Amino acid sequence: MTATVPPVRHSSKTPSPGGRRAAGGRAPLSRLRLPARLRRASLPYVLLLPALALELLIHLVPMVVGVVMSFKELTQFFISDWSAAPWKGLDNYRVAVDFNAPVGEDLLKSFLVTCEFTVLAVGLSWLFGTAAAILMQDAFRGRGLLRAVFLVPYALPVYAAVITWSFMFQRDTGMINHVIHDQLHLTDGRPFWLIGDNSFYALVTVSVWRQWPFAFLCLMAGLQNIPRELYEAAAMDGAGIWQQIRRITLPSLRPVNQVLVLVLFLWTFNDFNTPYVLFGRAAPDAADLISIHIYQSSFVTWNFGSGSAMSVLLLLFLLVVTVLYLLATSLRRKDA
Amino acid sequence: MHITRTTAAATLAAALIASATACGGGSSTDGSGNGSPKELTYWASNQGASLEADKATLTPELKKFEKQTGIKVKLEVIPWSDLLNRILAAATSGQGPDVLNIGNTWSASLQATGALRPFDAKAFDAIGGKDRFVSSALGATGAEGKDPAAVPLYSLAYGLYYNKKMFADAGIANPPATWDELVADGKKLTKGGKYGLAVEGGNLSENVHHAFVFGKQHGADFFDASGKPTFTTPEAVAAVKQYIDFIAKDKIAAPGNAEYAANQSVADFATGKAAMLLWQAAGSSLKSHGMKPEDYGVAQVPFQAAGASGDTAVNSMVAGINLAVFKKTDNVDGALKFVKFMTSDDEQKLLNGTYGSLPPVKAAQSDPAFATPDLKVLADALANSAAPLPQVANESQFETAVGTAMKDLFADAAAGKPVTTESVKAALEKAQQQMPAS
C-alpha cells in the first residue's frame, strides 16, 4: 500500500539515508536515519499515537486496574496503598458466583431483580416513546408545546427530578398516596413505596419517566425519514391506521429501534442514580439493582476487591449480551 | 512541511502523556495544593442547620486563628452523607485536607486505613495534653492500645425527650425509667393519630446506635475480643427485636416511621405527633421546628430494670465529632496549632454553645452555659452511663450492615409482616455474612 504512494516533494530535501547530518541522538524525527519509505509507512501510526495514548489512559488503564483489584483482598487496611493488598487469586470471583453462600445468593437475587426491572422499564419506555412519537407526527394546535413538555423529564437534572419523586412517594406526606388513597380510594391503607416490596414499582415508574423521552426523541427523528408517500399509497390501498403502523412505521424504524433498545438496555441495566437518590445507600431487597449492590459491596462495606470482581462479571455479561444482540440484528439486516 | 507535522504530532502525543501522568500521579504533593506553611485546608462536618450556617459560624473563628498564627484556613463544610466517601477518596489518593472532622464512631475504621496522623504523646503535648479531654470522649478516638487517630471536638449523648403537655394530659407524672414503663406510657399516649414514640427507622446510623445500647443492656457485644462480628447471639437478637417491636408488637411508634431517614421523627416530636423521642442533643432542631424549650423535658434513656449496673446500665453511645490530622499533610505544625486552637477552652465554649453539643474539654464543659437542664442530663449520661461503639476496624461496615438489616425489619413491621426472633436472627445473620472476612 505504501509503496504505491507517489514520492512527496519534500523527500528530496531531506538528507539521504545514512547522511552525516542525521548523526547524534538529539536529531528530530525528520533527521533520523530511517529510509524514506519506512518513514512514510510509519506516519499514519505516529498520527494515531495521541488517540492511542488517550484511549489507554481513559479506558484501558482503569479497566486493567479494576481487573487487577478484583484479584486482591482490598479492604480499608490497604486503600491508601492498594498495590500492597495481598493477592487472593480467584477467590473474589468464587465467592461472587457461589450461589449457595450468602454473598453469591444476594448477587444472583440482585441480578434477577435487575433483569426484571430492565425488561419492564425498557419495554415501557419504548412503548410510550413509540406511541408518543406516532401521535406527534401529525400537525395539530399545541404540538410544539406538547413536544417540549414531553422532553422535560429528559432535560431535568437527575438528582432534582428523582428527589422530587422520593418526596411524592413518601407514605404519609407524599402526593401519590394522597391521590390513590385519599382521593380515589384505590387502596385499603396507605402503601409504602420507598421500603418493602412496592419499592420495585416505584423504581420502574421513575425510571420509565426518566427514559421514555429519549425513546420519543429518537423515534420522532426516525419517523421524519419515512416518506409520506408510503402512507398515502397504503391509505389508497385501504390500509387502516394499525396496518400502516405495523407494515410501514415499525419496519422503517427498525434501524433506529435497534440502537435505541440497546442503549436503553445498557443505561437501565447499569442505572445507579435513580435507585441511589430514591432509596439512599441501602436499597430495599425488592429494588436492589446490581449497580447499587456492587456499590454497597465495595464502597459501603469497604470490600473493594470483591466489588471489583462483581464489576468485572457485570462487564462480561453486558459485553456478551451486546455482542449477541449486535450479531443478531446485523445478521437480520443481511438477510433482508 | 509534512515532516514538521509528524514531529508536531509526536511531540503533542508525548506532551499529552506527560501531562496526563502528571495529573494522575502527583501523590507527593498535598491535594489542597498548598505547599505553603501559611495555609491549611479544613473539612468541617455539617453541624448546624445548614452548610451556610456552619460557614457563618466557623469563618470568624478561622479569621481569629489567622490573626493569632498568620495561618490562613481554607474551609469546606461537607454534608454527612458525603463525608465518609470524601474521606475514603482522600485516603485512596493521598490528596485531601490538612485537618478534618470525622464521626467519632468511624475512628477505628479510618485509623485502619492509615490515612490519619496518630496523636502520639508529642502531638498531645503540642495541643495541651491528653488530660484536658473528658475520658469517655477519648474512648471513641481509635482502637484500644493504639495512639488515637483523632481528638474529640464536639460531644453528644442520647436522652429521652418527652412532651410535657401530652404527658400531663395522659396523667403520667414522671418520664419512664425502664423500657416496660416506656411501653406502658407509650400505649397510653398512642391515640387519636398520635403516637407514644417517634423512631427513625430508615436511618442506618440511628438504628445501630439503638441496637448498641439495647445490646449492652442485654449483655450483647456485636464483636468478640478478637474483633470478629457476633451479631447473632440470642442477646443481640433480643436487643434488636426489642427496638423493632416499638412498631411491630408494642405499636407505640407510627408505621410510617419505618421510612424516616431525614430526621422526620424530630419534626414529628416537635409538632406533637409523637410524645417521646430518643435523640442526641435535639434542642436546636426542636427550636427550628417551633417547639419551645419549656414544652419538653429531657430524661435519661431508660434501662431494662431499675437499679441497673455495669454494662446493663449503659444508656447511650458516646456520640460526637472528632478532629483529625491527615497523614499526608505537609504542614504538621500548622495542623496541630489549628487542633490546639479548636480544642482551646474558649473555642470549645463558643462552638459547642452554638451547636448545642457538649464540649469534650473538661474546663469548657464545667462552664455554666452548659448547665441547662437538658444538657446536664446529657452530660451526666456521657460521664456515667455512655459507652463508645466498638472501636474495631470494621465498625463502619457494622453500621451499614446492621443498620440496613434493621431498616428491612422495620419495613416488614410497618407492612404488617410478622417480626419474630427467627426473622430478626435471619436478618442479622445476613448482615454478619456481609462483613469482610478479615
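The values are calculated or read from the model by the stated rules, or taken from the named source; none is laboratory data. These numbers come from a predicted model, not from an experiment. Using ideal geometry, Cβ is built from the backbone for each residue, glycine included, and neighbour counts are taken over all protein chains shown. Side chains included, ligands, DNA and RNA excluded: accessible areas come from the protein's heavy atoms. Shrake-Rupley method; radii C 1.70, N 1.55, O 1.52, S 1.80 Å.
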Self-check item: Against the rule of thumb 2.2 N^0.38 Å, how large the Cα Rg of the stretch A:80-165 comes out
Solution: 1.88
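Excluding ligands, DNA and RNA, what is the solvent-accessible area per residue of the protein assembly as shown at a probe of 1.4 Å, expressed in Å²?
On a per-residue basis, 47 Å².
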Practice problem: Can you tell me the order of A:136-146, A:258-268 when each peptide is scored by its average per-residue count of other Cβ atoms within 10 angstrom, highest first? | Solution: A:258-268, A:136-146
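Using the scaling law 2.2 N^0.38 Å as the reference, what is the normalised Cα Rg of the stretch B:266-332?
1.66
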Self-check item: Dimensions in Å of the stretch B:350-391 - Rg and Dmax from alpha carbons
Solution: 10.7, 32
Exercise. Output the residues of the stretch A:183-202 meeting this criterion: accessible area (heavy atoms, 1.4 Å probe) in the chain alone minus accessible area with all protein chains in place is 40 Å² or greater.
Key: A:F192, A:I195
Quiz prompt | Solvent-accessible area buried by A and B, counting both chains, probe 1.4 angstrom, square angstrom | solution = 3800 Å²
Exercise. Rank by packing, highest mean first: peptides A:42-52, B:379-389, with packing defined as the count of other Cβ atoms within 10 Å averaged across residues.
Key: B:379-389, A:42-52
Quiz item: Rounded to a whole number, what is D in µm²/s for the protein assembly as shown from Stokes-Einstein with the Kirkwood radius over alpha-carbon pairs (20 °C, 1.002 mPa s)?
Solution: 71 µm²/s
Quiz item: Where the accessible area of chain B is counted over protein heavy atoms with a 1.4 Å probe, how much of it, in %, is carbon and sulfur?
Solution: 55 percent
Quiz prompt | With Cα atoms, 0 to 90° folded angle of helix B:234-248 axis to chain B main axis | solution = 70 degrees
Quiz item: Regarding chain A, what is the average projected area of its C-alpha convex hull, in nm²?
Solution: 30.1 nm²
Practice problem: Over all alpha-carbon pairs of the stretch B:44-166, lay out the pair-distance distribution in 10 Å bins, whole %, shortest bin first. | Solution: 11, 34, 39, 12, 3, 0
Quiz item: What does the convex hull of the Cα atoms come to per residue for chain B, in Å³?
Solution: 182 Å³
Self-check item: Cα-based reach from B:K122 at 17 Å (exclusive), listing aspartates and glutamates while leaving out same-chain residues under 8 positions away
Solution: B:D131, B:D147, B:D333
Quiz prompt | If the convex hull is drawn through the Cα atoms of the stretch B:303-432, its volume per residue in Å³ | solution = 187 Å³
Quiz item: Can you tell me the Rg and Dmax of the stretch B:207-314, counting just the alpha carbons, in angstroms?
Solution: 15.8, 48
Quiz item: Counting each DSSP H run of 4 or more residues in chain B as -39500 (n - 2.57), what helix-only mean residue ellipticity at 222 nm follows after dividing by all residues, to the nearest 500 deg cm²/dmol?
Solution: -14000 deg cm²/dmol
Exercise. Select from the stretch B:411-425 all residues whose loss of accessible area on going from the chain by itself to the full protein assembly reaches 10 Å² or more (probe 1.4 Å).
Key: B:A411, B:A414, B:K417
Quiz prompt | Rotationally averaged projected area of the stretch B:369-438 (alpha carbon convex hull; nm²) | solution = 7.4 nm²
Self-check item: Reachable aspartates and glutamates, given that their alpha-carbon falls under 17 Å from the alpha-carbon of A:K88 and they are not under 8 places away in the same chain
Solution: A:E73, A:D98
Quiz item: Once the Cα atoms of helix B:179-189 and of chain B are each reduced to a long axis, what angle between those two axes, in degrees from 0 to 90 to the nearest 10, is obtained?
Solution: 70 degrees
Quiz item: Per residue of A:75-84, what is the mean number of Cβ atoms on other protein chains within 10 angstrom of that residue's Cβ?
Solution: 6
Quiz item: Among the residues of the stretch B:248-272, which ones have their accessible area go down by 30 Å² or more when all the protein chains sit together, as opposed to their chain alone (1.4 Å probe)?
Solution: B:G256, B:E259
Quiz item: For the cross-link pairs B:K340/B:K362; B:K249/B:K417; B:K187/B:K425, which exceed 21 Å when the distance is taken from alpha carbon to alpha carbon?
Solution: B:K187/B:K425
